[in-house]
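The values are calculated or read from the model by the stated rules, or taken from the named source; none is laboratory data. These numbers come from a predicted model, not from an experiment. Cβ placement follows ideal geometry from the backbone for every residue including glycine, while neighbour counts extend to all protein chains displayed. For accessibility, only protein heavy atoms count, side chains too; no ligands or nucleic acids. Shrake-Rupley method; radii C 1.70, N 1.55, O 1.52, S 1.80 Å.
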Amino acid sequence: MGAKIGFASVKIKKWNLRGAIWKEPSILMSQPILLEFDIVFAGGGTTACVVAGRLAAYDPSLKILILEAGQHTLHKPIHVQPYQYPFNQAPTSTTVAFHIGNPSPRLNGRAPIVPSGRCVGGASCVNFMVYTRAPASDYDDWGVDGWESENLIPLMKKLETYEVQPDHPTHGYDGPIKVSSGGCKLGLADEFIQVGTTYHKRQYADDTNDLETCNTYSPWRKYIDGTTGRRSDAAHHYVYNQAHNPNLQVWDGKRVKRIIFEDKRAVGVEFSSDPVSCPDTDQSSSIVRASKLVVVSAGTFGSPAILERSGIGAEAILKRCGIEQLVNLPGVGENYKDHNLVFVPYLAADEAVTMDALWRGDSILQESLAEWNSSGKSLIAQNGFDSKIKWRPDDEELKAMDLTFQPRWKEFFQDRPDKAVAMFYVFAGYPQPLSSILPPRNYMTARYCTLYPVSVGSVHVDVTENGKERMDFTTGFLDNPSDIVPLNFGYKKTRELIRRMASYRGEVATGHPDFPEGSAAACRETSGSVDLNAPDIVYTTEDDEAIDRFHRDRMQTMCHSLGTCAMKPEADQGVVDARLNVYGVSNLKVADLSISPLIVGTNTYSTALLIGERAAMIIAEELGINGI
């Protein structure tokens, strides 16, 4: 690799080839260091790992650098043992960043918090590992040349090894990312599906990730290797597995400040040691040059911030921060989208198998770890999500929903049978936020999330009165009045499903709406489930108001943030074109979920991987790499 210009001694992170373990970073500099690579990635999350890993495999001579503010994830139990995923969301966690939104009257004055991955591999190393794919039509809706579903389906297949069943035409069987049923089966899933196919009168389908099927109850597959029982993430399966290539480098604990330009051509990146990952390290800036390309891949929050700090964005935003404008691109930081999630806890039977005992550290933990170490099986290789429905309301349910939703239904959903309004699912356990104050026992959680909310937010850099950088983040959650309607209905429907499950033992009242005294909807502990044919709970107007209030108080992110560097025409607040080039400059691309022009009806890990595969193909073509 070699430094082009050096002003101080520097120890560059390299591979320890014997054990394929990264050496700890040690960049000690009192003056700027200038280094040069072919391609520099500003950010090291899911998509960056996919693109960098693919390019390094296509052409091992390419000198590629990934700069990531978070820390390495290689073989760390919190990242590779599936059951540990909730611990990444702990308030003291440094593996995710917690973005605090502006208070919103639609959320009863609450300031929502939205986490995002903050480590090598990004969200792929901290997410819930649920395998969901958007309907193919979602990508056709983007209306972007080269990103139609017919061009993307081969890449969807290329990236995965579908271990569940052979010979499915839309699934892949030789890709880096493993998809399985996990290390053991949970009985609560069978109960949920049984109630759904009888009481709820929906069909069963083994695979609702064939890019078109929805509105059926199905098992929920996982991004877990069925052989090893480990999380299947982008860091380990695209980057860390290339220990033999010294030209692929990852520097963790490095915060990208801005892109360096020469005549509007991106030629490098300015970075410093991250104060969270490296609190005792010199915070002075350094520059690394990129001879071929700079790729911004810092996610929905980080990518627009890097562009704005580099002078690319709306004039008013840059002016208030004292940043000289390079390119007037008002779409930067706009078009923020996310899914809306609510989870509601219930009491589960003592004999039910849940994740609770593992998270408490009960004796079953050591037994499960021993089994996992020897066979890759046990609850260690579980995430607690084993069944779901991508739900569309039938005529009766539509009539029961608030009229505010009807225009949205007719305009978007009615004639698109592959588009689900929401997902309903049961989770075997209850990890947060009340778990620390609840008695130790078994729980299960009803979860429901909307897949195509209308509301839009924004993410921009800002400065405080004392000149310190902050984020001006508006989620937009529930701003459109139609968005809360499926949530209000989802509470009622999932409660009816849960109370008919054999393991149901009542509600955890503190995690439910505060119903008026004497209400028929009041929460209580019970000795068993109700009959399948029992009448539904009847809610009064006051009860409905309590449910609405509950959702404005409790609704939260699905951690599926996207859209803030949208791949749209520049005149339509676009930031990048179909080849991911940032408008108005050269040698600069964006590749991560921030480019999504529209929200996608899926857990977004699958889309982040897909964007990475497509970006790698685009860059390889432009570099003249053959045989991809």
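Observations, loosely collected:
- For first residues located in segment 193-219 and on the phi > 0 side of the Ramachandran plot, partners that are assigned to a strand (DSSP E or B) and open to solvent by 20 Å² or more (accessible area, probe 1.4 Å) and lie 6+ apart or on another chain with Cβ distances below 9 Å form the pairs 215/203.
- The lone exception for residue 355 - which of (1) within 26 Å of the chain's Cα centre (by Cα); (2) under 30 Å from residue 573 (Cβ atoms) it fails: (2)
- Selected residue (criterion: farthest from residue 501 (Cα to Cα)) from residues of segment 359-384 that are in contact with a Leu (Cβ under 9 Å, 6 or more places away or on another chain) and buried (at least 24 other Cβ atoms within 10 Å of the Cβ): 380
- Whenever a residue of segment 444-464 is without any contact (Cβ under 8 Å) to a residue 12 or more places away in the chain, its partners that are surrounded by fewer than 24 Cβ atoms within 10 Å (Cβ to Cβ) and assigned to a strand (DSSP E or B), lying with C-beta atoms within less than 8 angstrom and at least six residues away or across chains, give the pairs 464/470.
Per-residue answers, yes or no, for (1) within 28 Å of residue 93 (Cβ to Cβ); (2) at pLDDT 95 or above:
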site	(1), (2)
278	yes, no
294	no, yes
300	yes, yes
359	yes, no
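- Residues in segment 440-481 that are under 20 Å from residue 323 (Cβ atoms), in a strand (DSSP E or B) and of a type in the set (D, E, K, R): 462, 469, 470, 472.
- In the set (1) within 30 Å of residue 312 (Cβ to Cβ); (2) exposed (fewer than 15 other Cβ atoms within 10 Å of the Cβ), the condition left unmet by residue 472 is number (2).
- Residue list for segment 123-152, filter: assigned to a helix (DSSP H, G or I) and farther than 20 Å from residue 616 by Cβ: 136, 137, 138, 140, 141
- Breaking point among (1) touching a strand residue (DSSP E or B) at 6+ places or on another chain (Cβ under 9 Å); (2) not in a loop (DSSP other than H, G, I, E, B), for residue 545: (1)
- Test result for residue 431, open to solvent by 20 Å² or more (accessible area, probe 1.4 Å) and in contact with a Pro (Cβ under 8 Å, 6 or more places away or on another chain): yes
- Members of segment 28-79 found to be under 29 Å from residue 130 (Cα atoms), in contact with a His (Cβ under 9 Å, 6 or more places away or on another chain) and either at pLDDT below 95 or not in a helix (DSSP H, G or I) (or both), listed by number: 73, 74, 75
- None of 571, 522 is within 30 Å of residue 314 (Cα to Cα), surrounded by fewer than 17 Cβ atoms within 10 Å (Cβ to Cβ) and of a type in the set (A, V, I, L, M) except 571.
- Residues (over 17 Å from the mean Cα position of the chain (by Cα), under 20 Å from residue 97 (Cβ atoms) and of a type in the set (Val, Ile, Thr)) located in segment 45-72: 66
- If you go through segment 269-289 and pick out every residue that is open to solvent by 10 Å² or more (accessible area, probe 1.4 Å) and not β-branched (Val, Ile, Thr), you end up with 11.
- Residue in segment 488-504 that is buried (at least 17 other Cβ atoms within 10 Å of the Cβ), at positive phi and touching a residue at least 60 places away in the same chain (Cβ under 8 Å) present: no
This table checks each residue for (1) of a type outside the set (A, V, I, L, M, F, W, C); (2) more than 30 Å from residue 417 (Cα to Cα); (3) touching a strand residue (DSSP E or B) at 6+ places or on another chain (Cβ under 6 Å).
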position	(1), (2), (3)
556	yes, no, yes
573	yes, no, no
592	yes, no, no
606	yes, no, no
609	no, no, no
620	no, yes, no
624	yes, yes, no
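- Verdict on residue 527 being among the small types (Gly, Ala, Ser), more than 24 Å from residue 420 (Cα to Cα) and either within 31 Å of the chain's Cα centre (by Cα) or assigned to a loop (DSSP other than H, G, I, E, B) (or both): yes
- Considering segment 168-188, the residues that are touching a helix residue (DSSP H, G or I) at 6+ places or on another chain (Cβ under 9 Å) and among the charged types (D, E, K, R) include one that is most open to solvent (accessible area, probe 1.4 Å), namely 174.
- Among residues of segment 393-439, those that are modelled with pLDDT of 95 or more, among the β-branched types (Val, Ile, Thr) and farther than 18 Å from residue 216 by Cβ, counted: 1
- Among the residues of segment 475-486, the ones that are closer than 18 Å to residue 101 by Cβ and open to solvent by less than 30 Å² (accessible area, probe 1.4 Å) come to 6 in all.
- Scanning segment 80-122 for residues that are in a strand (DSSP E or B) and not polar (S, T, N, Q) yields a total of 11.
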